[in-house]
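Below is one structure; the comments refer to it alone.
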Amino acid sequence: FGGASCVPQDMNTGPSPTTSPRTAYGVAGMAVSLAAVYCLANIVGGLTSSTTLRVLPRTQPSVTRPNGAVPRFESRSQTTWLGVADGTPAANGAWADTMPSMAGHASAPRTSGPLDLPKVSLLAPMATGLLLLLTYTCVQLYKAYRHRRHVGGYMSIDGLEDGDGALVMAMAASGGDLSPCGRLLRSGRKCVAVAKNYEDHISELAHMDPVVWADIKSKDSKPVVFLKPTTSYAYPGEPVVIPRSMVGEAHYEVELGVVIGARAKDVTLPDDNEVVQTYVAGYCVAIDMTARTEQGAAKQKGMPWAVAKGYDTFLPVSEPFEAPGADWRRFKLWLDVNGERKQSCECGVMIHSLPDLIRYCSTVMTLEPGDLLITGTPVGTGPVFPGDVMTAGVEGHCSITVPVVQQPPLG
């Protein structure tokens, strides 16, 4: 049971101190736009001219030259000769010629000189070109701002700017040495969470509140999934903040987190190993904090759990780790509160396996690189209070320490 690499094959992981993605996109956009303006101006200019000119070589055997004159240019209607025009010399010693009729105006004499092409009004095509230039450049700058280089492309750490808050803060805290999986996790767009995936936890909830969880032991043929916002992530070094508005207790739930490494939609691969190797970039330990009282009230009313699960900092996550060749079923989860062991379990006892979760979730929503899949919690959940300290980990791979604090009152 290996894992997909966090680093795309085409990703440049080297430093890029001078050029950010935003700058590169802007320069490329301007260059392409200027080229488009030039081409458009020439095309439109040619179409709007009533005279199409063809420059002739200095010698043209097929053309009879009057008095040995050199051909100057040829239009649809006539040929003008350098040094000859109606055989009449101009007063300044040059030869006057007659230009072909243009835009409905009568022919007018002029003095020949260097090669003169008809003047064409380029105001309209130039204005159109400038508009295209501005539009294209703005679009590309916006794309650069929103750009995420995933496996297929997720964001590069190079060229970060102030808008990339989570990555900038994480790099500052870690000395700028985030792993590729750490960057990938921070570029994700959603967390897909799984409920009722350990038999002993189902029994635990049924005993906790038999009225609210009376039907929890009913067998589900499909996994029970819900979403947590990425704003609920608490990265290493950040505390869990108990909201001032929360009613009741906040409970911890330790879970195996799975970082998605490749776009997954309607996955049908029959081989479990191949599913993991194709779509898993890495793993982490996650603590799914839950406002248990609010969750129970929502369940009784048939409402979703978004409030109970979605508070800011209600999903502490460790730095992810890669484990190529490791068997995810042998990972051992653990969680302590104030140094006392509360939860401990081997992941292989899940009701719905990791490959099955990926297959199912990919039929409901597209899993994208950087998304986090948390796979359910075993028995032992319970409350924490301000001043408590939680530690959790995947034995032999990662751990995290999370203090619990109370959000101060307003004012």
**Report entry** Distance between modelled label sites at Asp388 and Val349, nm, 7 Å Cα→Cβ extension
**Finding:** 2.1
Report summary line: With R₀ set to 30 angstrom, the calculated FRET efficiency between the beta-carbons of Ser221 and Met365, to the nearest 0.05, is 0.95
Query raised in the report: Over the heavy atoms of Thr290, what accessible area does a 1.4 Å probe trace out, to the nearest 10 Å²?
Result: 0
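Taking a 1.4 Å probe, which of Ile351, Ile400 shows the most accessible area, and what order do the others take after it?
On the way: Ile351 70, Ile400 10 Å².
Accessible-area ranking of Ile351, Ile400, largest first: Ile351, Ile400.
Fully extended, how many nm does the chain gain between Leu130 and Lys332 (0.36 nm per residue separation, minus their Cα-Cα distance)?
Details: separation 202, 0.36 × 202 = 72.72 nm, distance 6.10 nm.
This chain segment gains 66.6 nm when fully extended.
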Query - List Lys228, Lys265, Lys299, ordered by accessible area with a 1.4 Å probe, largest first - result: Lys265, Lys299, Lys228
Report task. Would you kindly derive the ³J(HN,Hα) couplings of segment 303-317 from the backbone phi angles with the Karplus curve 6.51 cos²θ - 1.76 cosθ + 1.60 (θ = phi - 60°), listing them in order in whole Hz, with x for Gly and Pro? Result -> 9, x, 9, 4, 5, 5, 9, x, 4, 4, 6, 8, 8, x, 9
Query raised in the report: Using 0.36 nm per residue, how much length does the chain from Leu410 to Glu395 gain when fully extended, once their Cα-Cα distance is taken away?
Result: 1.4 nm
Query raised in the report: Using a 1.4 Å probe, what is the accessible area per residue for segment 177-406, in Å²?
Result: 40
Query raised in the report: Of all accessible surface on segment 243-322 at a 1.4 Å probe, what whole percent is carbon and sulfur?
Result: 52
Query raised in the report: For segment 177-406, what is the largest minus smallest coordinate of the Cα atoms on each principal axis, given in angstrom and ordered from greatest to least?
Result: 43, 42, 28
Query raised in the report: Over what distance in Å are the Cα centres of segment 217-263 and segment 393-411 separated?
Result: 13
Report task. Whenever you get a sec, line up Phe314, Phe385 from highest to lowest accessible area (probe 1.4 Å, protein heavy atoms). Result -> Phe385, Phe314
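Greater than 18 Å separation of Cα atoms is the criterion. Which listed pairs, Lys190/Lys265; Lys196/Lys222; Lys228/Lys332; Lys190/Lys309; Lys196/Lys309; Lys309/Lys332, meet it? Walk me through the intermediate numbers first.
Numbers: Lys190/Lys265 15 Å; Lys196/Lys222 10 Å; Lys228/Lys332 24 Å; Lys190/Lys309 13 Å; Lys196/Lys309 15 Å; Lys309/Lys332 24 Å.
Lys228/Lys332; Lys309/Lys332, as the Cα separations exceed 18 Å there.
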Query raised in the report: Can you give the convex hull volume of the alpha carbon atoms of segment 314-411 per residue, in Å³?
Result: 151
Query raised in the report: How are the Cα pair distances of segment 218-327 distributed, in percent, across 5 Å bins from 0?
Result: 2, 10, 16, 19, 17, 14, 11, 7, 2, 0
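The values are calculated or read from the model by the stated rules, or taken from the named source; none is laboratory data. This one's a predicted model, so the numbers in the text were calculated from it and none came from an experiment. When we count neighbours, we look across all protein chains shown, and the Cβ atoms used for this are built from the backbone with ideal geometry, even at glycine. We work out accessible area using only protein heavy atoms, side chains counted, and drop any ligands, DNA or RNA first. Shrake-Rupley method; radii C 1.70, N 1.55, O 1.52, S 1.80 Å.
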